[in-house]
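Report on the following structure.
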Amino acid sequence: MKNFFSNIKGDAFGGITAGIVALPLALAFGVQSGLGPSAGLYGAIFISFFAALFGGTNTQISGPTAPMTALSMVVIAGLIGTYGGSVEKALPAILTVFLLAGLMQIGLGIIGVGKYIRYIPYPVVSGFMTAIGVMILVTQLLPILGYNASQDNEFVYKFRPEAEEVILEKIIKDEAVDGILVLEEFNKTIEKTKEITEDDIVKESINLATKESKSVMGALKLLPRALGNINWLELILALGTIFVIYGFKRITKKIPSTLVALIVVSAIAIIGNLDYKPIPTIPQELPLPRLEIFTSFNISSVSPYIFTALTLSLLGAIDSLLTSVVADNMTKTKHKPDKELIGQGIGNTIASIFGGIPGAGATIRTVVNINAGGKTRLSGMIAGVLLFFILLAMAPLASRIPAAVLAGILITVGIGVMDYKGLRAIPNLPKDIKIGPLRLSSEVIIMIVVLLLSTFWNLVYAVGIGLVIASLMFMKKIGDLTAKRSDVKSLREENWPDETNFPQALKEEVFIKHLKGPLFFGSTSEFQALALQIPESASIVIMRLDRMQYMDQSGLYAMEDMIQDLKIRNVEVLFVGLLEQPRYMMERIDIIPDFIPEEHIFEEFESCLEWIIINIEDKY
């Protein structure tokens, strides 16, 4: 408890700042999910508080994130369609899926899955994150143009035949469950179809049209109609929001630009009494448990989404633990991955019971918290409490926020969430496989496959397919390399024979590290710990790379980060025995010669030792 309140001033500043940053994002993600701004706010409140309280990363700020919201949209849209377009009827099933995802996350933490998250290859994560950005950008084009598919009667009418088919299917399905759907009683089914009204058909048509407009392909198909019916006020409000977000960042980054944009543009719209579309009403009341999750539980409605719930839990785990690594690098601490998963699971479980959308560790909010002085779990809890008070005190005012403002915020989120580092690397990655007459990069293929499948088909299956492709390609590469180097035996962590004559006087100044196998997505965690092994007295690090036969993109960036960290500490790095494939990878992104000049690369240890004796002085 003493440690808990050891930094109360810094944690208060960090938590308040992070909570302010989280507010517009929570509202925007709630609207994007389809459950409304209150669901985003409830998710931010409960996940932030309980994930901080029970989690394993002291400075983590959690809440709804772009990847979790994008996957939640799949669940929400599917179940709303199943329940005839009624959010209220579908809500128990939706929240049950979110509840299962939270419980699964707790289970993942208990059985120790956290330490295996590092085995997710970089191209899979890169393709997925870029797809999330593309999906947000495309699906928000219609809102910023002021187009609403449910109000386009001509477009809605196209769904009338499908709506009639859906209604009939529901009648047949319900009667099959009740045991009425038999030939002897089929006349009852016929009688029930006569009860279908024009309003029922119109309502289902609107539901199908709305669902279509929220998909990437649907939004692209509707874009010409939206461009032909632009609501100029909505467009100006959205563009104004984007302009303020990017423009204010150029003035100062101490005040969150999304909050400034939210306040400024909303104030102009409200004070000017403009005829804009507001976001759905946020109730000014205490969030209450949605007990219908338990009282109206229907396994047949939820069972198709069990795998999606598992994917939500895994995505939340990846999202959170990646943020935990960022927090570790900034604070020079070490998070507890399994405890973090348990904390995130508890937060998501409680949020679902109160009607919130799921979330994960949020990188931007965590960085803001650390920079503002947050050091302990108290900062994340304070962020949740702040959002709770904002809900109680400012719900009526928040309900007057223009929907176009949140669409503008989401556009900037979509732009920011894409992995530009991975995209920039595409032209330079080695073309290591041959398909017919073409030579292609396996890393690029994985990234693009995940990107396209996630964007245009299914987020859940895309990640699974990407992992399978990455694993198969990796196994083939390692098999080929192992066949070439089949005489290599495992080595103990001890001096190699050619190091026995190393000058005793220079052992304080020079640190030697042996790399004994491929540097790939499964070994980067151990490699990143290398910097922690290097004593403060060392001014030179010799990396023995004779037995590092292969390096993938994840390993390449891990190497780049480690060298940059050492450069900051004025530690020079020397390579000995650098092999062809790793050298080619490092030349692609200019690690060689920008960070490691040619004169610091030696074929044999003897020549490296000669350079050390000439250039390094004994200081200790």
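Remark: C-alpha extents of region 425-484 on the principal axes read 39, 23, 22 Å, sorted largest to smallest. Could you pull out the pairs from K115/K254; K253/K513; K334/K567; K9/K334 whose alpha carbons sit more than 30 Å apart here? In this structure, K115/K254; K253/K513 exceed 30 Å between Cα atoms. Comparing A403, M418, M559 along the charge dipole axis of the chain, the residue lying farthest to the positive side is A403, per the Cβ-charge model. Taking amide hydrogens as placed 1.01 Å from N in the peptide plane, the amide H of L574 sits under 5 Å from those of V541, I542, M543, each at least 5 positions away in sequence or on another chain. Each Cα pair under 8 Å and six or more residues apart adds its separation to the average, and for the chain the resulting relative contact order is 27 percent.
Note down the magnitude of the dipole of the chain about its Cα centre, charges +1 on Lys and Arg C-beta and -1 on Asp and Glu C-beta and zero elsewhere, to the nearest 20 debye. Spell out each step's value before the answer.
Working: 52 positive and 59 negative charges, 207 e Å.
Roughly 1000 debye, rounded to the nearest 20.
Compute the Cα gyration tensor for the chain, then decide on rounded, prolate or oblate, letting a ≥ b ≥ c be the square roots of its eigenvalues: rounded whenever a/c is under 1.5, prolate when a/b is larger than b/c in the other cases, and oblate in all that remain. Could you put the intermediate results ahead of the total?
Numbers: a/c = 2.12, a/b = 1.73, b/c = 1.23.
In terms of gyration-tensor shape, prolate.
Once you order the gyration tensor axes a ≥ b ≥ c over the Cα atoms, which shape class does region 36-111 get: rounded for a/c under 1.5, otherwise prolate or oblate by comparing a/b with b/c? Prolate shape, in that a/c is at least 1.5 and a/b is the bigger ratio.
Axis of helix 37-54 versus longest Cα principal axis of the chain: the two differ by about 40°, to the nearest ten degrees. Computed about the Cα centre, the dipole magnitude for region 228-337 is approximately 640 debye when only Lys and Arg (+1) and Asp and Glu (-1) carry charge, each at its Cβ. Look at the dipole of the chain built from charges on Cβ: of G247, A226, A470, the Cα furthest out on the positive end belongs to G247.
Per-residue packing, averaged as other Cβ atoms within 10 Å, sorts the ranges 458-467, 265-274, 294-303 into the order 458-467, 265-274, 294-303, beginning with the highest. Given contacts defined as C-alpha pairs under 8 Å and at least six residues apart, what's the relative contact order of region 425-484, whole-number percent? Normalised by residue count, the contact order of region 425-484 is 21 percent.
Computed over region 497-615, relative contact order equals 26 percent, with contacts defined as Cα pairs under 8 Å that lie 6+ residues apart. Helical content of the chain, expressed as a calculated mean residue ellipticity at 222 nm, amounts to -20500 deg cm²/dmol (DSSP H runs of 4 or more residues, -39,500 (n - 2.57) each, divided by residue number, nearest 500). With the cut-off at 1.5 for a/c, could you classify region 253-384 from its C-alpha gyration tensor as rounded, prolate or oblate? Taking the square roots of the gyration eigenvalues as a ≥ b ≥ c, region 253-384 is oblate.
In the chain, the longest principal axis of the Cα atoms and the axis of helix 403-417 are about 20 degrees apart. Please give the helix 337-353 orientation as an angle from the longest Cα principal axis of the chain, in degrees from 0 to 90, rounded to the nearest 10. Result, in degrees: 10.
Relative protection proxy for 256-264, 505-513, 352-360, from highest mean packing down: 352-360, 256-264, 505-513 (other beta-carbon atoms within 10 angstrom).
Provide, as a two-decimal number, the C-alpha radius of gyration of region 536-612 over 2.2 N^0.38 Å, N being how many residues it has. Walk me through the numbers on the way to the answer.
Numbers: Rg = 12.0 Å, N = 77, 2.2 N^0.38 = 11.5 Å.
Taking the Cα Rg and dividing by 2.2 N^0.38 Å, one obtains 1.04.
A short reminder: the numbers here are calculations on the coordinates, not readings from a lab. Keep in mind the model is a prediction, meaning the values are calculated, not measured. Here the Cβ is made from the backbone with ideal geometry for all residues, glycine too, and neighbour counts use every protein chain on show.
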